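Have a look at the structure below before the remarks.
The values are calculated or read from the model by the stated rules, or taken from the named source; none is laboratory data. Because the structure is predicted, anything quoted here is derived from the model rather than measured. Methodologically, a virtual Cβ is constructed for each residue, glycine included, from the backbone with ideal geometry; neighbour enumeration extends over all protein chains shown. The protein model used for the area step is the full one, side chains on, heavy atoms only, and it has no ligands, DNA or RNA in it. Shrake-Rupley method; radii C 1.70, N 1.55, O 1.52, S 1.80 Å.
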Amino acid sequence: MHNIRRFKLTVSLASLLFSFAAQAIWYESSGQAVIHNGNKQQARQQATQEAIKQALLFAGASISSVQHITNGLLADDHLEVRSSGEVDKVELIDEIYEGDVITVSIRADIFPQKIQCRAAAYAKSIVTTWYPIKHRQQAVVGNLFDFGQHLAIKLQHEFNQNSQNSQISRVEPYYLKLENGAPVAIELAQKANTQFVLLAEITDLGTMQNAGSSLAFWEKTTASRDFSLSVAIYNGNTGDKIFSKTQGFTAAWEFDTHESVDVSSSRMWQSEFGKQVTSLLQSLSNEIDHTLSCLPAYGRVLYVNNEQISINLGQQQGLRKGDQLTLFQMNQFYDPTGKLHQQYQLHSEVVSVSQVFANTAIVTAVSGAPLANIQANDFVARR
């Protein structure tokens with residue numbers, strides 16, 4: 001009989017999303033092993049090492065010190081050990097014996113700075129929509145009612161040109177209000193097969209006349225235009241907001257106030273107003289890209305065909321043939337204090353990428369074992 005390898009990971013959602021720079025993240029995991037010939041100590045060590053190893057792999061940390069950590073953990077009467085580097089503390093929570101199977105649960109304090117290198121290896125996919133104008137009467141000047149459509153395409157272009165860790169893979173051709181938030185984010189992410197959702201709204205597009213000097217009455221009256229964009233990024237798997245910002249400026253409006261301006265023309269984007277919009281979008285795309293770079297790269301299971309699984313990660317996300325991934329299911333739950341947590345239930349079989357396409361890939365079990373209990377909308381993450 002082979003060792004049983006199961007794993008359940010629980011991590012605080014708030015810590016995972018908002019505390020990358022300052023704090024370590026607590027991962028709770030459990031591992032199981034079969035007791036052979038009554039050797040409980042060996043089985044206990046195997047189960048403990050498996051739990052620590054899987055937690056570190058999922059977090060993207062090194063596993064070079066697993067054996068050292070395991071030995072120290074088991075030898076310590078207080079069930080606690082400290083190590084240098086990526087793992088600050090590991091605590092043994094409990095151990096349960098059921099027949100010839102032992103289950104060991106541990107809690108690991110892993111520094112997220114080490115997550116970045118592995119998480120940044122795959123590009124995070126984003127879906128967005130056209131951006132509505134909050135006060136549509138402001139669009140009368142210049143006839144800019146379709147400005148939000150072109151703005152979304154422009155932002156996608158900036159991501160494609162400059163971003164290293166994320167990409168807007170799809171722009172849905174309709175408007176969504178920013179206030180709709182989480183409910184539409186999950187639905188939109190599933191529809192577009194993306195990990196993140198970007199919602200935005202043009203909150204200011206007003207114009208103001210600037211009268212010429214009273215001593216030079218013949219001078220032409222000029223105008224200035226305000227621009228303000230509110231943006232929010234949502235985790236498409238959970239609906240949680242992970243980024244929000246409002247940016248804006250005031251620039252000269254070089255067009256006649258009665259003129260209808262072609263928002264797709266080079267004349268528009270080479271004007272002072274257009275240049276400042278472009279600059280704002282560049283800054284915004286860089287900031288979002290930096291924010292997402294440290295977050296784990298997840299993909300979804302699209303369908304299961306016998307022992308082959310299709311996922312929504314591919315060449316454009318940086319996936320390569322031979323890459324090994326972890327299959328898991330994700331659930332949310334609230335603790336007695338009302339705090340929201342994420343629960344990750346990892347499949348014991350490691351899968352490897354056998355075929356890669358533009359935005360999808362085929363994975364199979366490394367061991368060749370049957371992939372039971374995997375279904376569409378389960379998740380994969382890089383090991």
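Values for this structure:
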| item | result |
| --- | --- |
| Cβ pairs under 9 Å, 6+ apart, first in region 177-188 and under 19 Å from ASP378 (Cα atoms), second open to solvent by 60 Å² or more (accessible area, probe 1.4 Å) and at pLDDT 90 or above | ALA185/LYS241 |
| Number of the condition not met by ASP256 [criteria: (1) modelled with pLDDT under 95; (2) within 16 Å of the chain's Cα centre (by Cα)] | (2) |
| Criterion violated by ASN373 - all others in (1) open to solvent by 40 Å² or more (accessible area, probe 1.4 Å); (2) at negative phi; (3) at pLDDT 80 or above; (4) of a type in the set (S, T, N, Q) satisfied | (2) |
| Any hit, region 261-281, residues being open to solvent by 40 Å² or more (accessible area, probe 1.4 Å) and touching a Pro at 6+ places or on another chain (Cβ under 8 Å) | no |
| Breaking point among (1) more than 29 Å from GLN164 (Cβ to Cβ); (2) open to solvent by less than 30 Å² (accessible area, probe 1.4 Å); (3) touching a residue at least 60 places away in the same chain (Cβ under 8 Å), for ALA365 | (3) |
| Subset of region 220-247 (residues that are within 24 Å of ASP378 (Cβ to Cβ) and not in a strand (DSSP E or B)) | GLY236, ASN237, THR238, GLY239, ASP240 |
